[in-house]
Amino acid sequence: MEYEDIDHIYLWENDPEIWRVGATTEPISRNRIEEWIRHQSYDIYATRQRRLIIEAEGKVVGSVDIFEFDPQHLRFGIGILIYDKTNRRNGYAREVIEAIKEYGLNTLNVKQIWAEVDDFNEASIALFEGCGFKRCGVLKDWCCIGGEYHDVYIYQAILR
């Protein structure tokens, strides 16, 4: 991520619609985002995470997070956001997931990648299943959204 991404990150991080599928519970300031970018480390072995901006056709369309990178057990989690609804279902997320799988296999030498998907997120379920991820578990009543509990599905792609 770079300073030119601040406006996009600020918009995404302060959208309550996105909060419901993440862990955010309050707004984040532009200054805090700037500090975060200024002090970020690009060493995934040190931070165990990496956030990348997704660009398509010359515009920013979303982000992908690699998190909980575990070089001992050779795995990491992935989260993906295509922010503007007009950019969804255009193949961007699928292309990014395939690139991240290749990066994980060929650069980080991981054996597997996992993702958590809310039970109501039919588009993400179809996306991960279409990219070769298999549902391997269910966290029952895991997320409370608007006073209603939802299950979270665990998806896993075994790369080798």
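Here, each number is a calculation from the coordinates, and none is a lab measurement. Here the structure is a predicted model, which means the values were calculated and not measured. For neighbour counting, all protein chains shown are included, and Cβ atoms are generated from backbone atoms with ideal geometry for every residue, glycine included.
Quick look at the numbers
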quantity	calculated
Cross-link partners of LYS85 among lysines (Cα-Cα below 25 Å; sequence separation of 8 or more within a chain)	LYS59, LYS101
Where a label projected 7 Å from the Cα of THR25 along Cα→Cβ would reach, residues of the stretch 118-148 with amide N under 18 Å	142-148
Modelled FRET efficiency - R0 30 Å, GLU129 with TYR149, Cβ distances, 0.05 increments	0.80
Full-extension gain in nm, GLU4 to VAL138, via 0.36 nm per residue minus C-alpha separation	44.4 nm
Interatomic Cα distance distribution for the chain, bins of 5 angstrom, percent	2, 8, 17, 20, 21, 18, 11, 3, 0
Charge-dipole axis of the chain as Lys and Arg at +1 and Asp and Glu at -1 on Cβ define it, positive-most pick from LEU159, ILE37, ILE18	LEU159
